[in-house]
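Let me begin by presenting the structure, written as structure tokens, before commenting on it.
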Amino acid sequence: MARINLEHIRHAYGAKPKSESDYALKEVHHEWNDGGAYALLGPSGCGKTTLLNIISGLINPSEGRILFDGTDVTHLTTQQRNIAQVFQFPVIYDTMTVYDNLAFPLRNRRVPETEVDRRVKEILEMTGLVSWAKKTARGLTADQKQKISLGRGLVRSDVSAILFDEPLTVIDPEMKWVLRSQIKRLHKQFGFTMVYVTHDQTEALTFADKVVVMYDGQIVQIGTPAELFERPRHTFVGYFIGSPGMNVLPAEIAGSTASIGDQRIALDFRPEVKAGTKTELGIRPEFISLGREGMPVAVTKVEDIGRHKVVRARFADRPISIIVDEDGEIPAEPRVTFDPKAINIYADSWRVGGEA
Ligand code: ADP
Ligand code: MG
């Protein structure tokens, strides 16, 4: 297992990048703890695979260094870095049996056959492939092949880190849940450093201790699921996490008051905002109360989604979402209040002030 340091990493696929927009990965400078379970979360094209491949050594970054436990590995291969990587689509040997496919990474490292057998049997159990062990991989379905791929990534217990790139894409939803729980269990048992790429917030939030949110070639926040929910550092994290995401409303800030249209909202802190920045107020739908007191809203739509309702409304001429209890009533002249503790203020999309 290893602690991983990414030092001022930037990457452009084309030669001679000129401007920021030529970089698929802008500036990444972070430390990933030994034994941590990280999820790399972000929309398609934001640079997740690029970053993962830089960590594994499949890509040499245009700039910056990578250290494993303090040693520079920037120019070492994946094998030299001792990394296991599981890709989105199966990478297996079609002519080998399922058993031999799983045994391959161990035999390659000259692990004694008794140990190979013990580990392979564990992985066969875990992936539900016991009865397929002696079959060649060729005849299997896409999701069975992907389970073999996953198994090959998990079979060794001496790796520096295991990297997963959207590994459950081709797996059916129920099995997805089972496999994800098992990966998590293996993490608890062996303490591997794991990095798990996904564009699915539920997958990220249930897998990881720390979620790394990426947007447009940058890491915008690394935090626990609770931190990302309560204190999004960037408005993108606010929108992207939560269902529906955070309401982000243009606001003027003066002292400890935010004005949205002609509504005044008292803040419990004084955000320091430089003149000329675009300022916004963020409040999650969970922290707006709908009732007879507060500021007026016009309800446009109510969506009943089981345990609660999502109310879509207009507030100061802007659309907002509010979450209310399943049996919560919507008064004839509805009004809202914002929980002051749940208000975040943003300047040019980055969070300012308030409690950390
Ligand atoms: P993600 O995995 O988050 O979907 P990627 O890391 O694959 O994102 O891609 C990040 C950006 O780099 C995208 O704009 C993508 O088009 C570009 N890109 C990815 N791979 C290559 C490549 N081999 N050559 C050129 N551009 C690439
Ligand atoms: Mg990708």
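The values are calculated or read from the model by the stated rules, or taken from the named source; none is laboratory data. Since the structure is predicted, the reported quantities are computational estimates derived from the model, not experimental observations. Here the Cβ positions follow ideal geometry from the backbone for every residue, glycine too, while neighbour counts run over all protein chains shown.
Observations on the structure shown:
- Filtered by the rule that a residue be within 27 Å of the chain's Cα centre (by Cα), surrounded by 20 or more Cβ atoms within 10 Å (Cβ to Cβ) and touching a residue at least 60 places away in the same chain (Cβ under 8 Å), region 310-322 gives 320, 321.
- Identification of strands (runs of 3 or more DSSP E) wholly contained in region 302-351 with 1 or more residues that are in contact with a Ser or Thr (Cβ under 7 Å, 6 or more places away or on another chain) and within 26 Å of residue 222 (Cα to Cα) yields 344-347.
- Candidates 206, 193, 198, filtered to the one that is over 18 Å from residue 238 (Cβ atoms), within 16 Å of ligand 2 (Cβ to nearest atom) and either free of Cβ contacts under 8 Å to residues at least 24 places away in the same chain or in the same structural domain as residue 23 (by TED's automatic domain parsing) (or both): 198
- In region 269-298, residue surrounded by the fewest Cβ atoms within 10 Å (Cβ to Cβ) [restricted to those that are touching a Ser or Thr at 6+ places or on another chain (Cβ under 7 Å) and acidic (Asp, Glu)]: 293
- Residues of region 32-54 that are more than 10 Å from ligand 2 (Cβ to nearest atom) and of a type in the set (S, T, N, Q): 33 alone.
- Region 26-48 - residue that is over 23 Å from residue 77 (Cβ atoms) and crowded, with 23+ Cβ neighbours inside 10 Å and, of those, farthest from ligand 1 (Cβ to nearest atom): 39
- Residues that are within 12 Å of the chain's Cα centre (by Cα), in a strand (DSSP E or B) and outside the structural domain of residue 285 (by TED's automatic domain parsing) are absent from region 229-246 altogether.
- Applying the set (1) in contact with a strand residue (DSSP E or B) (Cβ under 9 Å, 6 or more places away or on another chain); (2) outside the structural domain of residue 321 (by TED's automatic domain parsing) to residue 292 leaves exactly one unmet item: (2).
- Some residue of region 88-99 being within 16 Å of ligand 2 (Cβ to nearest atom), within 14 Å of residue 163 (Cβ to Cβ), at pLDDT below 95 and in the same structural domain as residue 136 (by TED's automatic domain parsing): yes
- Residue in region 11-22 that is farther than 30 Å from residue 190 by Cβ, of a type in the set (Asp, Glu) and not in a loop (DSSP other than H, G, I, E, B) present: yes
- Among the candidates 75, 8, residue that is within 20 Å of residue 195 (Cβ to Cβ) and touching a residue at least 12 places away in the same chain (Cβ under 8 Å): 8
- Residue list for region 3-19, restricted to those being exposed (fewer than 14 other Cβ atoms within 10 Å of the Cβ) and within 13 Å of ligand 1 (Cβ to nearest atom): 13, 14, 15
- All positions within region 209-225 that are away from ligand 2 (no atom under 16 Å from the Cβ) and either within 18 Å of residue 154 (Cα to Cα) or outside any loop (DSSP other than H, G, I, E, B) (or both): 210, 211, 220, 221, 222, 223, 225
- In region 49-58 there is no residue matching the filter, namely being surrounded by fewer than 21 Cβ atoms within 10 Å (Cβ to Cβ), within 15 Å of ligand 1 (Cβ to nearest atom) and either aromatic (Phe, Trp, Tyr) or outside the structural domain of residue 165 (by TED's automatic domain parsing) (or both).
Yes or no, residue by residue, for (1) within 22 Å of residue 239 (Cβ to Cβ); (2) modelled with pLDDT of 90 or more:
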| residue | (1), (2) |
| --- | --- |
| 302 | yes, yes |
| 306 | no, no |
| 310 | yes, yes |
| 313 | yes, yes |
| 318 | yes, yes |
| 322 | yes, yes |
| 333 | no, yes |
| 336 | yes, yes |
| 340 | yes, yes |
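- Sole residue being surrounded by 17 or more Cβ atoms within 10 Å (Cβ to Cβ) and assigned to a helix (DSSP H, G or I), chosen from 174, 203: 203
- Any hit, region 120-135, residues being of a type in the set (Gly, Ala, Ser), assigned to a loop (DSSP other than H, G, I, E, B) and within 34 Å of the chain's Cα centre (by Cα): yes
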